[in-house]
Amino acid sequence: MTASDTPRAPLRVDRERLWQNLMRLKEIGGYDDGATGLRGVRRLALTDEDAQARRLVVTWMEEAGLRVRVDRIGNVYGERAGEDPALPCVLVGSHIDTVATGGAFDGTLGVLGGIEVVRALDAAGIRTRRPVEVGFFTEEEGVRFGTDMLGSAVTAGRIDLAHAYALTDADGATVRDELVRIGFDGSAPEVRPVPHAYVECHIEQGPILAAAGVDIGIVTGVQAISWQRLTLHGEAAHAGTTPIEARADAGLAAAEVVVEIRRMCDSGTFGRLRGTVGTLALSPAQTNVIPAGAVLTVDLRNPDDALMAAAETHLGAFVDALHDRHGVSATWERMARTAVVPFDDSVQDVIAASADALGLPYVRAMSGAGHDAQEIAATCPTAMVFVAGEHGGISHTPREYSRPEACGNGVDVLANAVLALAGPVVTA
Ligand code: GLV
Ligand code: MN
Ligand code: MN
């Protein structure tokens, strides 16, 4: 796999149309965010907003001449035929669902960027030996149904389709019912033909590129991710009369867990561990009642699998000890767990050659965030292009922002990588 076939004049996408479409898509699920005073995006997977966005993106795919199919987990693929239909395709894509407080770029850049790549190939009259496919995957964020990378994990065979279908949201709606309700219960097999390669263009969502002063990152891999739901069981009692030493306060235990996770991160014992308690609910949630229950989510990230395992073991023992100290017991529920995923060197090199051809400086970096690419990597050679964000690369908030020029540069890199991988047909 080399970039030697890349034509002399690099391919360039229509960055104005890319930007306009990013801004149009942002309005589906758009809301006025009180905390930031900005316009954010709330487009949780398989909601009405997601359905509307899906329909618009499918329209754009069809306008770009792509043949669209939907698989049984609701992943959508649009195919541009290659000269040799027997060859496996080059797949690009990402996701269009967002967190509840999202921005305009997370995921969408890779999907709309993929469509622009196809349009640029068409505009330049370039045919490729391999088909090129643009895809978007169901419930990448995991915010609604509790497991991230759901669609791509089903595609890669890591998560069973029946298990995925049965997952429920906070109101008890299942993935299966929601797919049917929004009309994206496709019939294509959920395990897709193995692509020749997968390339995902995505905003970095972190500070590395900005600090290096470059728009482009070549992603070396994705760090390990651990999501667990922890339920702490204490005992409700009167806030005014119950002696301090006689309490089984689940709220106190939850607070200790939050602080211990931060201490673990600061200690260095677990390498570059990052830990977050992003949700915490106390019950029965009354001012004058000691909390009987606490339910919290624990999100751990680590670029080292052994140190991740050590962190999980340490936290488990810490929580066990809460029983002796506070009379609070615990149950754990595994939500998601993935190991470190290194990306393919040769695909990284193709992306590097593409950036070089465009005269764009880049750095190589491991991804702090999870991506569909980490799942598809189990099936075919995979790597990612990162695009720098503003404000330190902040993301999962309406402050998420990447400059039009950076987005255009990233998708140009994607386009030339795709062309090199798909093989331009040279007609002498
Ligand atoms: C995906 O956005 C993640 O949680 O890393
Ligand atoms: Mn994303
Ligand atoms: Mn995200």
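Six or more apart or on different chains, Cβ atoms under 7 Å: show the pairs whose first residue is in the stretch 359-371 and away from ligand 2 (no atom under 16 Å from the Cβ) and whose second is open to solvent by 20 Å² or more (accessible area, probe 1.4 Å) and assigned to a strand (DSSP E or B).
R364/T220
Scan the stretch 78-114 for residues that are buried (at least 24 other Cβ atoms within 10 Å of the Cβ) and away from ligand 1 (no atom under 16 Å from the Cβ) and jot them down.
Within the stretch 78-114, G78, R80, C89, V90, L91, V92, L112, G113, G114 meet the criteria.
Looking at the stretch 173-183, can you tell me whether even one residue there is within 23 Å of T382 (Cα to Cα), surrounded by fewer than 24 Cβ atoms within 10 Å (Cβ to Cβ), in contact (Cβ under 8 Å) with a residue 60 or more places away in the chain and in contact with a Lys or Arg (Cβ under 8 Å, 6 or more places away or on another chain)?
no
Specify which of the listed residues (V411, V363) is open to solvent by less than 10 Å² (accessible area, probe 1.4 Å) and farther than 21 Å from S226 by Cα.
V411
Output the number of the condition that Y31 fails; it satisfies all remaining conditions of (1) at pLDDT 95 or above; (2) in a loop (DSSP other than H, G, I, E, B); (3) hydroxyl-bearing (S, T, Y).
(2)
If you take the residues in the stretch 232-280 that are in a loop (DSSP other than H, G, I, E, B) and of a type in the set (K, R), which one is farthest from A306 (Cα to Cα)?
Among residues in the stretch 232-280 that are in a loop (DSSP other than H, G, I, E, B) and of a type in the set (K, R), the one farthest from A306 (Cα to Cα) is R247.
A9 is checked against (1) modelled with pLDDT under 95; (2) open to solvent by less than 50 Å² (accessible area, probe 1.4 Å); (3) small (G, A, S) and fails just one. What number does that condition carry?
(2)
Out of the stretch 46-77, which residues are acidic (D, E), under 9 Å from I182 (Cβ atoms) and crowded, with 16+ Cβ neighbours inside 10 Å?
D50
Being of a type in the set (K, R) and under 18 Å from E63 (Cα atoms) is the filter; apply it to the stretch 115-171 and report the residue that is surrounded by the fewest Cβ atoms within 10 Å (Cβ to Cβ).
By that ranking, first place goes to R127.
Exactly one condition in (1) within 16 Å of ligand 3 (Cβ to nearest atom); (2) assigned to a strand (DSSP E or B) is false for P398; which is it?
The one condition P398 does not meet is (2).
Are there any pairs, at least 6 apart or on different chains, whose C-beta atoms fall under 6 Å, with the first in the stretch 378-390 and open to solvent by less than 10 Å² (accessible area, probe 1.4 Å) and the second in a loop (DSSP other than H, G, I, E, B) and at pLDDT below 95, and if so, which?
none
Hey, can you tell me all the residues within the stretch 304-343 that are open to solvent by 40 Å² or more (accessible area, probe 1.4 Å), closer than 25 Å to E141 by Cβ and either part of a loop (DSSP other than H, G, I, E, B) or basic (K, R) (or both)?
Scanning the stretch 304-343 gives D304, R334, R337, A339.
Inspect all residues belonging to the stretch 332-354 and state whether any of them is within 16 Å of ligand 3 (Cβ to nearest atom), of a type outside the set (V, I, T) and out of contact with any helix residue (DSSP H, G or I) (no Cβ under 6 Å at 6 or more places or on another chain).
Yes, some residue in the stretch 332-354 is within 16 Å of ligand 3 (Cβ to nearest atom), of a type outside the set (V, I, T) and out of contact with any helix residue (DSSP H, G or I) (no Cβ under 6 Å at 6 or more places or on another chain).
Condition first: under 22 Å from the mean Cα position of the chain (by Cα), open to solvent by 80 Å² or more (accessible area, probe 1.4 Å) and free of Cβ contacts under 8 Å to residues at least 60 places away in the same chain. Now tell me which residues in the stretch 253-283 satisfy that.
R272 - this is the single residue of the stretch 253-283 that is under 22 Å from the mean Cα position of the chain (by Cα), open to solvent by 80 Å² or more (accessible area, probe 1.4 Å) and free of Cβ contacts under 8 Å to residues at least 60 places away in the same chain.
The values are calculated or read from the model by the stated rules, or taken from the named source; none is laboratory data. If you're wondering where the values come from, they're calculated on a predicted model, not measured in any experiment. Please note: Cβ atoms are built from the backbone with ideal geometry, for glycine as well, and neighbour counts cover all protein chains shown. Ligands, DNA and RNA are stripped out before the accessible areas are found, and what is left, the full protein with its side chains, is counted by its heavy atoms. Shrake-Rupley method; radii C 1.70, N 1.55, O 1.52, S 1.80 Å.
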